[in-house]
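**Q** The structure follows.
The values are calculated or read from the model by the stated rules, or taken from the named source; none is laboratory data. Being a predicted model, the structure only gives us computed values, none of them experimental. Methodologically, a virtual Cβ is constructed for each residue, glycine included, from the backbone with ideal geometry; neighbour enumeration extends over all protein chains shown.
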Amino acid sequence: MEIISVYFALLSIVSIFIFYLLNYKYRIGFLAILSCSFIASIDYLLLLYIIIYSLINYFIGIKLPNSKYKVLLFRTGIIVNLSQLILLKYASFTVDPLIRLFNNNIQFSKLTEILVPIGISYFTLQGIGYLINIKRGWEKPEKKLLDFLLYITFFPKFLSGPIERSNHFLPQLKSAISFNEQQVSEGLKIALFGFFKKVVIANQLGRIVFLAHSDPDSFSLPELWLVVLIQPLYLYFDFSGYTDIARGFAKTFGIDLLPNFNKPFLAENMTGFWKRFHMSLSAWFNDYVFNPISFKFRRWGKSAAVFALFVSWTLFGIWHGAGWNFMALGLAQALGIIYEFFTKRIRSELGSKIPAFLRVMMSRIITFIFYGLSLIFFFSRDLNSSLHFFSQLTDLSPWSNTKHLNNLLFFALGLSFIFLLIDYLKQDHTEINNRIEKIFSSSRIFRLSVYYAVAFLILVFIGNKLTFVYQVF
């Protein structure tokens, strides 16, 4: 089932009415059935696989606290989670080349032709995080199988997150959720603007990004640099659009999902950026990879943090896909953060000599450009394609005529700047933002006009389909 469709939106809205008409005892069951049906609409085998996956993690979690073989059981659970992820997502990059060394033609990557591994990176991290939490005593095992199944399969977040924490999601299912008109209304508004971000803005920006990476030689130098600047905007509006849809519809059911974005382009360095962008993923790696490694090797001093950073960001890159370009993506983020760590004092001294406003704006621009350049690894087919794209950015041969820019692109860019301006006012000029919000909330006609205009534009652009970028991870 396509999330970006009128059918999905109407089905979700109807589901909200059914959910609150049901006795609270049956609501979790209804959401579980709804979520399983959503997955089945993608692939029946995928649903069967996820049910088996959920059962394995559920029973390991139940047995883990009181088992005589706690360490062995825990490690078995982690190995099962990682093995299925490697076989279904990374076989072509790791397993198949290893097998070919022994002159064997078995290809485990063929498994993806039988089972579509959509959402696997997300529910695997949720399963691993759940087992680690129980092992460390951070939470007790979930005894209700239906609740745990919903934790893994909940349809708003299934395709592209956020990566939920079990100790955040599961407790919300324990209390009877009563109908709250304001909460449902707020959730629908969030989802509406999520559709707008994806359909009206991201889809228009994405076309020039994918075209540039499929044929960079046909782009002039100014066009390629424009693509570098558009890449962060496209990824943000595409991914945050999905997150808003997920969080919005979840909110209508009385469930709050973890936030994933917090004005990322106002970050003044990469360290701050990753506390604002894809927050659920970066926080997961921080809690379950970086912190344990840096603590284990703490006797190394600063070297422990550097080592932990390289491991965390390498895994972060690999999480995004099977390829050296994704590993390079992770290493680029690690190098950026390590540079900031070791030059913090020097940069502070230099920054103190520059007017505060200029320093902040320069820092934000540099951070944005660095991230845009690093995304070349993200959008390229492979590492060679990435390096070729970089080489084209320094090609000073005569420029061809501009031919890839169009009115729809500039329209989407204009809308994206409006969203960024709103974020800027919220953070840096709260008084002006409060006045605007007061005007917006006090004028019902103006407010409804905005909502109708947003809905109208969604319907106009909804036929221009592009898959969510993070859906493939």
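Residue by residue, here is whether (1) at pLDDT 95 or above; (2) surrounded by 14 or more Cβ atoms within 10 Å (Cβ to Cβ); (3) among the charged types (D, E, K, R); (4) within 25 Å of the chain's Cα centre (by Cα) holds:
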| position | (1), (2), (3), (4) |
| --- | --- |
| Leu88 | no, yes, no, yes |
| Leu98 | no, no, no, no |
| Leu115 | no, yes, no, yes |
| Ile118 | no, yes, no, yes |
| Gln126 | yes, yes, no, yes |
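**Q** Among Ala212, Ala250, which is the only one that is crowded, with 23+ Cβ neighbours inside 10 Å and more than 29 Å from Phe30 (Cα to Cα)? Break it down stepwise before answering.
**A** Details: Ala250 fails: more than 29 Å from Phe30 (Cα to Cα).
Ala212 is the lone residue from the list that is crowded, with 23+ Cβ neighbours inside 10 Å and more than 29 Å from Phe30 (Cα to Cα).
**Q** Can you pull out the residues in the range 282-298 that are among the polar types (S, T, N, Q) and surrounded by fewer than 18 Cβ atoms within 10 Å (Cβ to Cβ)?
**A** So in the range 282-298, the residues among the polar types (S, T, N, Q) come out as 282, 286, 291, 294.
Of everything in the range 282-298, those that are among the polar types (S, T, N, Q) and surrounded by fewer than 18 Cβ atoms within 10 Å (Cβ to Cβ) turn out to be Asn286, Asn291.
**Q** Which one of these is assigned by TED's automatic domain parsing to the domain that holds Gln231, modelled with pLDDT of 90 or more, closer than 18 Å to Ile230 by Cα and not charged (D, E, K, R): Leu415, Leu335? Reasoning before the result, please.
**A** Details: Leu335 fails: closer than 18 Å to Ile230 by Cα.
Testing whether each residue is assigned by TED's automatic domain parsing to the domain that holds Gln231, modelled with pLDDT of 90 or more, closer than 18 Å to Ile230 by Cα and not charged (D, E, K, R) leaves just Leu415.
**Q** Exactly one of (1) part of a helix (DSSP H, G or I); (2) touching a residue at least 60 places away in the same chain (Cβ under 8 Å) is unmet by Leu170. Its number?
**A** Every condition holds for Leu170 apart from (2).
**Q** Given the residues Leu55, Leu46, which is the only one that is of a type in the set (A, V, I, L, M, F, W, C), within 22 Å of Ala246 (Cβ to Cβ), part of a helix (DSSP H, G or I) and out of contact with any Pro (no Cβ under 7 Å at 6 or more places or on another chain)? Let's see the steps before the verdict.
**A** Details: Leu55 fails: within 22 Å of Ala246 (Cβ to Cβ).
Of Leu55, Leu46, the one residue that is of a type in the set (A, V, I, L, M, F, W, C), within 22 Å of Ala246 (Cβ to Cβ), part of a helix (DSSP H, G or I) and out of contact with any Pro (no Cβ under 7 Å at 6 or more places or on another chain) is Leu46.
**Q** Then there is this: Just one of Lys403, Lys438, Lys426 is basic (Lys, Arg) and assigned to a loop (DSSP other than H, G, I, E, B); which is it? Spell out the reasoning first.
**A** Details: Lys438 fails: assigned to a loop (DSSP other than H, G, I, E, B); Lys426 fails: assigned to a loop (DSSP other than H, G, I, E, B).
Checking each option against the conditions leaves just Lys403.
**Q** Within the bounds of the range 445-459, is there any residue that is farther than 24 Å from Val199 by Cα and either over 28 Å from the mean Cα position of the chain (by Cα) or in the same structural domain as Leu10 (by TED's automatic domain parsing) (or both)? Steps first, answer last, please.
**A** Going residue by residue through the range 445-459, those that are farther than 24 Å from Val199 by Cα are 445.
Imposing the further condition that a residue be either over 28 Å from the mean Cα position of the chain (by Cα) or in the same structural domain as Leu10 (by TED's automatic domain parsing) (or both) reduces the set to 445.
Scanning the range 445-459, I find at least one residue that is farther than 24 Å from Val199 by Cα and either over 28 Å from the mean Cα position of the chain (by Cα) or in the same structural domain as Leu10 (by TED's automatic domain parsing) (or both), so the answer is yes.
**Q** Of the conditions (1) assigned to a helix (DSSP H, G or I); (2) at pLDDT below 90; (3) hydrophobic (A, V, I, L, M, F, W, C), Val80 satisfies every one except a single condition; which number is it?
**A** Only one criterion in (1) assigned to a helix (DSSP H, G or I); (2) at pLDDT below 90; (3) hydrophobic (A, V, I, L, M, F, W, C) is unmet by Val80, namely (2).
**Q** Okay, next question. Of all residues in the range 173-188, which are in contact with a helix residue (DSSP H, G or I) (Cβ under 7 Å, 6 or more places away or on another chain), assigned to a helix (DSSP H, G or I) and of a type outside the set (Gly, Ala, Ser)?
**A** Leu173, Gln183, Val184, Glu186, Leu188
**Q** Please work out which residue is surrounded by the most Cβ atoms within 10 Å (Cβ to Cβ), limiting yourself to the range 423-473 and to residues that are at pLDDT 90 or above and aromatic (Phe, Trp, Tyr).
**A** That would be Tyr424.
**Q** Is it the case that Lys198 is part of a helix (DSSP H, G or I), over 17 Å from the mean Cα position of the chain (by Cα) and not hydroxyl-bearing (Ser, Thr, Tyr)?
**A** Values: part of a helix (DSSP H, G or I): yes; over 17 Å from the mean Cα position of the chain (by Cα): no; not hydroxyl-bearing (Ser, Thr, Tyr): yes.
The answer is no for Lys198.
**Q** Give just the number: which of (1) out of contact with any Cys (no Cβ under 7 Å at 6 or more places or on another chain); (2) without any contact (Cβ under 8 Å) to a residue 12 or more places away in the chain does Ser54 not satisfy?
**A** Failing condition for Ser54: (2).
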